[in-house]
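The values are calculated or read from the model by the stated rules, or taken from the named source; none is laboratory data. All of these numbers come straight from a predicted model, not from anything done at the bench. Here the Cβ is made from the backbone with ideal geometry for all residues, glycine too, and neighbour counts use every protein chain on show. All accessible areas refer to the heavy atoms of the entire protein, side chains included, with ligands and DNA or RNA removed. Shrake-Rupley method; radii C 1.70, N 1.55, O 1.52, S 1.80 Å.
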Amino acid sequence: MLRKYLYVFVIAMVPLIELRGAIPIAQAFHVADASFSMITAYIVIAIGNMVPVPFIFFFARRVLEWGADKKVIGKFFRFCLEKGHKGGEALKSKAGRGLYWALLLFVGIPLPGTGAWTGTLAASILDMDFKKSTLAVMGGVALAGVIMAVLSFAVASGVTAAM
């Protein structure tokens with residue numbers, strides 16, 4: 001049982017997959033074994049999704065800036081920095097004082113390319129306050145978790161009802 005929780009914990013930390021992929025896997029574990037608690041899994045997944053946040057906030061931008069002048073990776077790193085800066089400035093101008101709410105919604109809407117990794121990187125590039133942006137990302141992770149849990153439950157219910 002512990003292995004399954006560890007499995008979804010690690011999946012929740014993987015960029016692009018994150019919580020959006022870990023919750024459906026947890027739901028599948030629950031359907032296969034009713035003793036696998038979705039509430040516990042949700043907590044484990046949310047924690048797993050938040051573990052990389054401080055590392056991304058404090059180090060990802062530095063790594064991108066370091067690599068921007070390197071021969072092989074420089075072009076890609078410069079692209080990431082420029083794209084993040086332009087996107088962040090556009091978000092900042094549209095959101096105004098509601099920038100942290102915009103960050104929460106950006107992370108919370110479970111679409112490809114949105115999530116804790118991307119939201120935290122954007123917050124770092126925009127030089128947003130660490131504490132406030134972490135709370136916004138945490139709120140977004142909770143929102144995305146609720147949305148994905150409802151969708152996963154609906155799909156799992158539909159699949160089991162069809163059997």
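Between PRO110, PRO54, which is in a loop (DSSP other than H, G, I, E, B) and closer than 19 Å to ALA142 by Cβ? So the residue among PRO110, PRO54 that is in a loop (DSSP other than H, G, I, E, B) and closer than 19 Å to ALA142 by Cβ is PRO110. Report every pair of residues separated by at least 6 positions or lying on different chains whose Cβ atoms are under 9 Å apart, first residue within region 120-135 and without any contact (Cβ under 8 Å) to a residue 12 or more places away in the chain, second of a type outside the set (D, E, K, R) and open to solvent by 30 Å² or more (accessible area, probe 1.4 Å). Once the first residue is without any contact (Cβ under 8 Å) to a residue 12 or more places away in the chain and sits in region 120-135, its partners that are of a type outside the set (D, E, K, R) and open to solvent by 30 Å² or more (accessible area, probe 1.4 Å) give ASP129/TYR100. Of everything in region 1-21 that is over 24 Å from ALA123 (Cα atoms) and not in a loop (DSSP other than H, G, I, E, B), the residue that is most open to solvent (accessible area, probe 1.4 Å) is ARG3.
Would you point out which residue out of VAL107, VAL72, VAL63 is touching a residue at least 24 places away in the same chain (Cβ under 8 Å) and out of contact with any Lys or Arg (no Cβ under 6 Å at 6 or more places or on another chain)? One residue alone meets the criteria, VAL107.
Taken as a whole, the structure leaves GLU89 outside the set of residues that are crowded, with 17+ Cβ neighbours inside 10 Å, among the charged types (D, E, K, R) and under 19 Å from PHE106 (Cα atoms). Can you name the residue in region 24-51 that is farther than 19 Å from LEU151 by Cα and assigned to a helix (DSSP H, G or I) and, of all such residues, is least open to solvent (accessible area, probe 1.4 Å)? Looking at residues that are farther than 19 Å from LEU151 by Cα and assigned to a helix (DSSP H, G or I), I get GLY48.
Candidates are the residues of region 52-86 that are among the basic types (Lys, Arg) and surrounded by fewer than 13 Cβ atoms within 10 Å (Cβ to Cβ); the one that is farthest from SER133 (Cα to Cα) is LYS71. Taken together, GLU89, GLU65 contain a single residue that is of a type in the set (Asp, Glu) and modelled with pLDDT under 90, which is GLU89.
Between ALA102, ALA95, the distinction of being open to solvent by less than 50 Å² (accessible area, probe 1.4 Å) and modelled with pLDDT under 90 belongs to ALA95 only. Under the condition of being basic (Lys, Arg) and in contact (Cβ under 8 Å) with a residue 12 or more places away in the chain, the residues counted in region 79-94 number 1.
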